[in-house]
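This report concerns only the one structure given below.
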Amino acid sequence: MRKSIFDLLERKGKQPISMLTAYDYHTACTMDEAGIDMILVGDSLGNVMLGYENTLAVTVEDMIHHGAAVVRGAKQAMVVIDMPFMSYQASVEDAVRNAGRIMKETNCQAVKLEGGAEYADRIRAIVNAGIPVVAHIGLTPQSVNALGGFKVQGKSLEQAQKLLADAKAVEEAGAFAITLECVPAELAKLVTERSGALTIGIGGGNGCDGQVLVYQDMLGYTNGFTPKFVKKYADLHSVMLEAFKQYKHDVETREFPSKEQTFAINEEVIEKLY
Ligand code: KIV
């Protein structure tokens with residue numbers, strides 16, 4: 001049985017929720033088999049799958065293409081799909097139409113959008129259309145240019161008060177969960193205590209109701225910069241690099257393919273061809 005928003009909300013204050021990003025069928029199958037509660041098809045696919053500098057170029061079509069593959073792979077996990085930059089910012093109507101398209105064309109269970117009180121009207125309208133919403137506050141990568149870079153948010157009194165106000169506004173608008181990205185742990189804990197919504201931290205400390213990581217980061221898939229909040233559970237980059245080098249060597253030395261990977265033909269048949 002696939003997890004519903006009620007199954008997950010039931011766990012608030014009891015059992016933490018595990019969430020990871022995924023962008024393809026096989027990764028989703030493996031996460032689902034591991035029992036991961038929620039899979040996020042993040043617009044981070046712009047960086048980690050498509051090689052863009054940031055998430056701004058990602059389109060609704062990109063999210064649908066990858067999102068539908070993830071939904072096909074996940075049987076028990078709730079699948080949440082990000083609404084990309086400019087798919088909801090311009091108007092409430094855009095927001096509902098694009099959230100509806102994403103849900104209709106992928107069969108996902110919820111959408112996520114970045115922003116606090118200023119987007120409460122979008123969240124309310126999407127929820128009223130029957131689509132569960134995860135809000136995303138703190139560091140919001142779609143606003144990287146306005147924020148002046150990827151920095152911890154909510155450190156000053158003013159910023160901390162704004163974060164608490166944003167959390168309240170998105171919850172009141174109907175968001176069932178709130179992603180808290182790069183927020184000091186004590187502040188994320190306060191949001192968690194004051195909110196009826198689930199808080200899912202990424203760089204928000206262990207006082208949140210759940211945690212999310214980008215899977216390439218936690219698997220050590222890339223060998224570039226790793227944010228402070230990431231724990232590496234594997235060194236996939238080294239494993240893959242070694243395998244690719246070994247394959248190149250085996251092809252060049254004709255060690256691959258060997259008899260084991262080769263199809264035979266009856267000798268009489270082949271003789272008649274000469
Ligand atoms: O796009 C994404 O992967 C995200 C996570 C960082 C939460 O929004």
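The values are calculated or read from the model by the stated rules, or taken from the named source; none is laboratory data. Note that the structure is a prediction, hence the values are computed from the model and not measured. A quick note on method: Cβ atoms are made from the backbone with ideal geometry, for glycine too, and the neighbour counts reach across all protein chains shown. What goes into the accessible areas is simple: the full protein's heavy atoms, side chains included, and nothing from ligands, DNA or RNA. Shrake-Rupley method; radii C 1.70, N 1.55, O 1.52, S 1.80 Å.
With respect to (1) closer than 16 Å to residue 134 by Cβ; (2) in contact with a strand residue (DSSP E or B) (Cβ under 6 Å, 6 or more places away or on another chain); (3) more than 11 Å from the ligand (Cβ to nearest atom), the lone exception for residue 9 is condition (2). Taking the criterion of being part of a helix (DSSP H, G or I) and open to solvent by 10 Å² or more (accessible area, probe 1.4 Å), the residues of segment 107-133 that qualify are 117, 118, 119, 120, 121, 122, 124, 125, 127, 128.
Of all residues in segment 202-219, those being surrounded by fewer than 23 Cβ atoms within 10 Å (Cβ to Cβ) and among the aliphatic types (A, V, I, L, M) number 4. Scanning segment 51-76 for residues that are in a loop (DSSP other than H, G, I, E, B) and more than 14 Å from the chain's Cα centre (by Cα) gives 51, 52, 53, 54, 56, 57, 59, 75, 76. Just one of (1) of a type in the set (Lys, Arg); (2) surrounded by fewer than 20 Cβ atoms within 10 Å (Cβ to Cβ); (3) over 21 Å from residue 212 (Cα atoms) fails for residue 151. It is (3). Kindly list the number of the only condition in (1) touching a Ser or Thr at 6+ places or on another chain (Cβ under 6 Å); (2) more than 16 Å from the ligand (Cβ to nearest atom) that fails for residue 239. Status for residue 239: all satisfied but (1). No other residue among 222, 226, 199 is open to solvent by less than 10 Å² (accessible area, probe 1.4 Å), within 16 Å of the ligand (Cβ to nearest atom) and touching a helix residue (DSSP H, G or I) at 6+ places or on another chain (Cβ under 8 Å) apart from 199. Tell me which residues, restricted to segment 239-274, are among the β-branched types (Val, Ile, Thr) and either open to solvent by 100 Å² or more (accessible area, probe 1.4 Å) or more than 30 Å from residue 216 (Cα to Cα) (or both). Within segment 239-274, 253, 262, 265, 269, 270 meet the criteria. Taken over segment 31-82, the criterion of being small (Gly, Ala, Ser), near the ligand (Cβ under 10 Å from one of its atoms) and open to solvent by less than 10 Å² (accessible area, probe 1.4 Å) is satisfied by 42, 46. Taken over segment 2-11, the residue count meeting the criterion of being in a loop (DSSP other than H, G, I, E, B) and either open to solvent by 80 Å² or more (accessible area, probe 1.4 Å) or under 19 Å from residue 112 (Cα atoms) (or both) is 4. When restricted to residues that are in contact with a strand residue (DSSP E or B) (Cβ under 9 Å, 6 or more places away or on another chain) and more than 20 Å from residue 227 (Cβ to Cβ), segment 171-188 contains 6. Whether any residue in segment 154-177 is within 15 Å of the ligand (Cβ to nearest atom), open to solvent by less than 60 Å² (accessible area, probe 1.4 Å) and free of Cβ contacts under 8 Å to residues at least 40 places away in the same chain is what I want to check. Within segment 154-177, none of the residues are within 15 Å of the ligand (Cβ to nearest atom), open to solvent by less than 60 Å² (accessible area, probe 1.4 Å) and free of Cβ contacts under 8 Å to residues at least 40 places away in the same chain. For residue 85, the conditions (1) open to solvent by 10 Å² or more (accessible area, probe 1.4 Å); (2) within 14 Å of residue 141 (Cα to Cα); (3) in contact with a Gly (Cβ under 7 Å, 6 or more places away or on another chain) all hold with the exception of (3).
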